[in-house]
Amino acid sequence: MARGAMKHVVVKGDLEEATIRPASLLSELRQLSIEDARRYFADASALEESDCPACQSASRTPAFERDGFAFSACADCGSVYANPRPTAAALTDYYASSRAARFRTERFVAETAEARRTEIISSHANWLGRIYDETGNRLATGYADVGTTNPAVFDEIRRLDLFAPLCAIEPAAGVVARCRDLGIDVAEEGEALGVVTAFETLEHQHAPDSLLRAAHRSLAPGGLLFFTTRTISGFDLQTLWGSAPYIYVPEHLNLLSIDGIRRLLERCGFEAIEISTPGRLDVELVLHAIEADPSIRLTGFVDTLLRHRDHRAHQDFQAFLQKHRLSSHLRVAALKKESHS
Ligand SMILES: [Zn+2]
């Protein structure tokens with residue numbers, strides 16, 4: 001599909017933040033993450049300088065600081081990224097043994113699994129099933145999810161009746177047994193797959209291009225990659241910037257811009273089929289943030305819109321953000337290019 005014809009999508013339906021991120025669980029996860037990040041990455045040898053993880057440019061300016069970690073803004077593609085950032089080894093150690101990582105899978109994901117399944121995972125599954133139907137390689141039926149935190153994804157994929165076998169690539173430590181119980185293979189890399197997915201994973205990779213290149217190797221010719229992530233190009237992050245209360249290390253090392261995502265796909269051998277931002281929460285996230293922290297200052301127009309207009313205006317504005325790729329929840333479908341070396 002020509003890039004000019006690339007899809008962008010508006011997703012209808014109400015979704016409330018509390019349904020998928022209950023405040024008490026979110027605040028405990030955040031607190032544990034901040035404490036553990038200090039413990040695991042306090043030593044300077046656990047951190048290293050990085051160029052832009054999206055476009056590799058070394059040109060950058062300071063963006064903001066969060067909980068002792070500095071973020072840079074790429075001067076070329078506008079991506080924002082933690083720099084210096086934890087080394088790959090320090091991150092592996094963190095995700096294998098930190099209290100925050102355990103809390104994330106055992107409490108946060110487990111207790112929101114059903115809500116996420118109805119509100120998010122099932123629509124992801126229908127979305128990728130439709131694109132696979134339309135443009136996928138129907139001879140390649142293998143499916144893998146990278147960095148699985150919620151094994152419910154496999155139930156929803158199975159329901160489509162399009163893929164077999166199903167495989168979890170490097171799932172979170174806390175869900176390996178559950179994946180095996182569901183009859184899912186657990187592996188480090190796949191082979192000749194029809195589809196690879198990575199939901200909300202790119203943002204905490206030490207090197208996002210490693211994930212994309214591994215997906216490229218795992219896919220059959222004509223295979224498809226689907227992922228979701230947060231983008232700094234979205235309304236809530238552009239508005240709140242370093243004050244966004246839900247951005248912290250190491251969960252959010254990479255807040256790539258839409259331009260950055262395009263460049264990342266290109267250099268890892270993918271052609272974008274869809275880059276859309278079907279996020280439904282930007283306005284609500286900003287409203288919650290300013291309620292919790294009165295020191296956050298909004299600019300004139302945003303202040304008027306958020307504080308002096310009603311729910312209907314907010315809904316319309318959110319639909320506008322979705323339509324024009326201005327929400328911070330991004331989803332991407334990409335095709336493996338053949339000529340890539
Ligand atoms: Zn960049």
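Identify, please: which residue in the stretch 40-50 is touching a Phe, Trp or Tyr at 6+ places or on another chain (Cβ under 9 Å) and not aromatic (Phe, Trp, Tyr) and is, among those, nearest to the ligand (Cβ to nearest atom)? Step by step, filter the stretch 40-50, then rank; the result is Ser50.
Filtering the stretch 109-165 to residues that are assigned to a helix (DSSP H, G or I) and in contact with a Pro (Cβ under 8 Å, 6 or more places away or on another chain) leaves Glu111, Thr112. Scanning for something in contact with a His (Cβ under 9 Å, 6 or more places away or on another chain), part of a loop (DSSP other than H, G, I, E, B) and open to solvent by less than 70 Å² (accessible area, probe 1.4 Å), does the stretch 310-329 turn up at least one residue? The answer is yes; a qualifying residue exists. Residues in the stretch 40-88 that are open to solvent by 60 Å² or more (accessible area, probe 1.4 Å) and modelled with pLDDT under 95 were compared, and the one that is farthest from Gly242 (Cα to Cα) is Ser45.
Across the stretch 242-274, the number of residues qualifying as more than 22 Å from Pro221 (Cα to Cα) and either more than 11 Å from the ligand (Cβ to nearest atom) or more than 16 Å from the chain's Cα centre (by Cα) (or both) comes to 14.
The values are calculated or read from the model by the stated rules, or taken from the named source; none is laboratory data. Because the structure is a prediction, the values reported are computed rather than measured. Don't worry about glycine lacking a Cβ; one is built from the backbone with ideal geometry, like all the others, and counts go over all protein chains shown. These accessible areas exclude ligands, DNA and RNA; they are computed on the full protein's heavy atoms, side chains included. Shrake-Rupley method; radii C 1.70, N 1.55, O 1.52, S 1.80 Å.
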